[in-house]
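Participant: Okay, here's the structure, questions in a sec.
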Amino acid sequence: MSTFPTDLRYTNDHEWLRAQGANWRVGITQFAVDQLGDITLVDLPNVGDLITKGQRFGTIESVKSVSDLYAPVSGRVVAINTSLKDGPEQVNSDPYGNGWMIEIEAADKSEIAELMASDAYTKHVAAQ
Amino acid sequence: MSPGMKRTPLWEAHKQLGAKLIDFGGWDMPVSYPAGTIKEHKAVREAVGLFDVSHMGEAYLRGPEAKATVGKLATNAVESAPPGKAIYTLLCTPSGGIVDDCIFYKRSDDEFFVIVNASNQAKDLEWFRDHASTGCDVVDVSDQTALIAVQGPKAVAMVDALSGGSVAGMPSFTFRDAEVAGVPVIAGRTGYTGEDGFELACANHDAMKLWAALVEAALPLGGLPVGLGARDSLRLESKLPLYGNDLDDEHTPLEAGLGWAVKLDKRDFIGRDALLAQKADGLPRQLVGFTIAAEHRMIARHGYSVVEGGQPVGIVTSGGPGIMVGGAIGMAYVPPRLAEPGTQISIDCRGKLAPATVVAGKFYKRGK
């Protein structure tokens, strides 16, 4: 069982969030990466796009499958990781670092508070 | 692991190698090893890859009527081939649909060895038994037989060195009884990757010994054990069809572009009349290869529709990233008017239209 960084917040859909100044950086967890296998394309929204909690904001294509990315919270996209366009493998090699995907300015801080801490996420993964 | 899943004799080895195992038609099989699908794919293209394909089915058809039985079942000229040949063929229903694709090894007029798809093993064995003449025994050896594929530009020299120099001279699509690393095998100069190499069938109890020797020989050459993920991406890149994706009993070999493996002029076989009629009437659809340029950043996958004027006119049967060739590649059934190489088609990729181009031949050619 992999361990999940304690400084992050987590969603049921295997995304993580990290405070980045006033905004929230979003990526996918090691568990998600292990499930997907080698990632070949990451399709992200544009800076400025509004996203809604639970709605699709992007897609990830691995060699064998396509998966949706769901917005962990509602808000505005303030940054995207443009290096994933030519380097999607960074999601595999460094999911909590260079493999980050977008930064969100959260519309409602209470949605952040509802996210899981690493111990709760560890239990969530164990139940999969 | 789900209870009741079947294991190949190499299951322990896969666990030790850190493989990710998945349920593949009831078998607990490695989809990838820690290197990952892309590195495994490239290892096969550039060095050598080892595949456990022991889940596939194997059987013997034996007896004075074996030749006649095989002639009735196979679309290709399996029965009249010289002993020692390995021949790809389709098995068809009376209406021309494909029961399975498989490889027959002709040992003699009285004995044929056949390797069939894992997913079709039970169906095929029943098909063989239902159509075997009284003088032909069908012996299922799937549960006693392991199968290891060794594929890639370094595969032949590597296996040859482990066999005392007894296999390098074998022509493509032949087989022979040999010893590899001291293990008796049936070595076929065959594969499912587009690369040169062998498929080695051995007794279950010898499989771990053979696998260990192959791994030990392959790793210093830059080789890797390869899971089902790369097996699929490799076969797609070489435009080799997969039963259940590209082939099924609702499509004929002629529609699938496998007319080269159907000998309509040779003699009677199950499905021949229907295939002759289809040839005369024209094909309703054809399996084509397509590419999507990298700049479109879209991948068409199994089940996506080929669309024209907003209407579905065809269906993608296999698709994925072109690991060696870039962009995305795939196969689709389309109407003949869209089947000419160079034709531009549109594929509905989850609501977005991907522009694709029909292409002839393999996506990746060996030695390119």
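Participant: Can you give the relative contact order of chain B as a percent, counting alpha carbon pairs under 8 Å and 6+ residues apart?
Facilitator: Working: 874 pairs, mean separation 64.2, N = 368.
Rounded, it is 17 percent for chain B.
Participant: Right, something else. For region B:157-174, in order, what is each residue's ³J(HN,Hα) by Karplus, 6.51 cos²θ - 1.76 cosθ + 1.60 with θ = phi - 60°, in whole Hz (x at glycine and Pro)?
Facilitator: Along region B:157-174, the couplings run 5, 5, 5, 4, 5, 7, 10, x, x, 9, 10, 4, x, 5, x, 4, 6, 10 Hz.
Participant: Please give the Cα centre distance for region A:18-40 versus region B:135-154, rounded to the nearest Å.
Facilitator: 43 Å
Participant: Another one. Taking the Cα centre of region B:70-213 as the origin, how large is its charge dipole in debye, to the nearest 20, when only Lys and Arg (+1) and Asp and Glu (-1) carry charge on their Cβ atoms?
Facilitator: Roughly 300 debye for region B:70-213.
Participant: Now for a separate question. How much length would be gained if the chain were fully extended between residue B:12 and residue B:93, taking 0.36 nm per residue of separation minus their Cα-Cα distance, in nm to one decimal? Show your work: numbers first, answer last.
Facilitator: Numbers: separation 81, 0.36 × 81 = 29.16 nm, distance 3.88 nm.
25.3 nm is the gain from fully extending residue B:12 to residue B:93.
Participant: Other chains near A:64-70: what is the mean number of their Cβ atoms within 10 Å of each residue's Cβ? Don't skip to the end; give the middle numbers.
Facilitator: Details: counts 12, 3, 7, 0, 1, 0, 0.
That average works out to 3.
Participant: Suppose R0 equals 51 Å; then what is the FRET efficiency for residue B:134 and residue B:179 from their Cβ-Cβ distance, rounded to the nearest 0.05?
Facilitator: Approximately 0.90, to the nearest 0.05.
Participant: Which value results for Rg/Rh of chain B when Rg is the Cα radius of gyration and Rh the Kirkwood radius based on the inverse mean 1/r?
Facilitator: 0.97
Participant: Could you list the residues of region A:93-118 with an amide nitrogen less than 18 Å from a label point located 7 Å from the Cα of residue A:46 in the Cα-to-C-beta direction?
Facilitator: Backbone N within reach: A:102-105.
Participant: So how far, in whole Å, is the C-alpha centre of region B:260-327 from the one of region B:191-217?
Facilitator: 32 Å
Participant: Using only helices, what value at 222 nm comes out for chain A when you add -39,500 (n - 2.57) per DSSP H run of length 4 or more and divide by the total residues, to the nearest 500 deg cm²/dmol?
Facilitator: The helix contribution divided over chain A gives -4500 deg cm²/dmol.
Participant: Based on the alpha-carbon set only, what is the convex hull volume of region A:58-128 divided per residue, in Å³?
Facilitator: 117 Å³
Participant: Rg (Å, one decimal) plus Dmax (Å, integer) for the alpha carbons of region A:9-126?
Facilitator: Gyration radius and largest Cα-Cα distance of region A:9-126: 13.1, 37 Å.
Participant: How much net charge surrounds residue B:44 when only other residues with a Cβ under 13 Å from its Cβ are counted (Lys, Arg +1; Asp, Glu -1)?
Facilitator: Net local charge, residue B:44 excluded: +1.
Participant: Under 5 Å between amide hydrogens, which residues at least 5 positions from residue B:247 or on another chain qualify, with H placed 1.01 Å from N in the peptide plane?
Facilitator: B:242
Participant: A further question on this structure: Along the positive direction of the dipole of the protein assembly as shown (beta-carbon charges: Lys, Arg +1; Asp, Glu -1; about the Cα centre), which of B:13, A:107, B:241 reaches farthest?
Facilitator: Most positive-ward Cα: B:241.
Participant: Related question: List, in order, the whole-Hz ³J(HN,Hα) value for each residue of region B:318-332 obtained from phi through the Karplus relation with A = 6.51, B = -1.76, C = 1.60 and θ = phi - 60°; use x for Gly and Pro.
Facilitator: Karplus-based 3J(HN,Hα) across region B:318-332 equals 8, x, x, x, x, 5, 8, 10, x, x, 10, 9, x, 10, 8 Hz.
Participant: Can you work out the Karplus-derived ³J(HN,Hα) for every residue in region A:101-108? Use 6.51 cos²θ - 1.76 cosθ + 1.60 with θ = phi - 60°, whole Hz, and x for glycine or proline.
Facilitator: 10, 9, 10, 10, 8, 5, 7, 9
Participant: From the gyration tensor of the Cα coordinates in region B:285-359, what semi-axes in whole Å does the equivalent ellipsoid have, largest first, with each one equal to sqrt(5λ)?
Facilitator: 17, 13, 11
Participant: Separate question: Under a GNM of chain B (C-alpha, springs under 10 Å), which listed residue has the highest mean-square fluctuation: B:239, B:20, B:154?
Facilitator: B:20
Participant: Okay, moving on. Taking the Cβ-Cβ separation of residue A:83 and residue A:56 as r and a Förster radius of 25 Å, what is the calculated FRET efficiency to the nearest 0.05? Don't jump to the answer; show the numbers that get you there.
Facilitator: On the way: r = 22 Å, r/R0 = 0.88.
Computed FRET efficiency for residue A:83 and residue A:56: 0.70.
Participant: Something else: Working only with C-alpha atoms, what are the Rg and Dmax values of the protein assembly as shown, expressed in angstrom?
Facilitator: Spelled out, the Cα radius of gyration and Dmax of the protein assembly as shown are 24.9, 82 Å.
Participant: I'd like the chymotrypsin sites (Phe, Trp or Tyr not before Pro) in region A:61-117 restricted to DSSP loop residues with at most 16 other Cβ atoms within 10 Å, sorted by number.
Facilitator: none
Participant: Let me ask something else. Hey, could you pull the Cα Rg and Dmax for region B:56-194, both in Å?
Facilitator: 15.2, 48
Participant: What's the center-to-center distance, using Cα atoms, between region A:77-107 and region B:14-87 in Å?
Facilitator: Each part reduced to its Cα centre gives a spacing of 39 Å.
Participant: While we're here: Restricting to DSSP H runs of at least four residues, report the calculated mean residue ellipticity at 222 nm for chain B, -39500 (n - 2.57) per run over all residues, nearest 500 deg cm²/dmol.
Facilitator: Result for chain B: -6000 deg cm²/dmol, rounded to the nearest 500.
Participant: Cross-link candidates for residue B:39: which lysines have Cα within less than 22 Å, leaving aside residues fewer than 8 places away along the same chain?
Facilitator: A:64, A:85, B:15, B:20, B:154, B:239, B:362, B:365, B:368
Participant: Next question. Which whole number gives the average count of other chain Cβ atoms within 10 Å of the Cβ atoms across peptide A:38-46? Don't jump to the answer; show the numbers that get you there.
Facilitator: Numbers: counts 13, 3, 9, 6, 1, 3, 0, 0, 0.
Going residue by residue through A:38-46 and averaging, the value is 4.
No value in this document is a laboratory result; all are computed from the given coordinates. The structure displayed is predicted, hence computed values, not measured ones. Cβ atoms come from the backbone with ideal geometry, glycine included; neighbour counts cover every protein chain shown.
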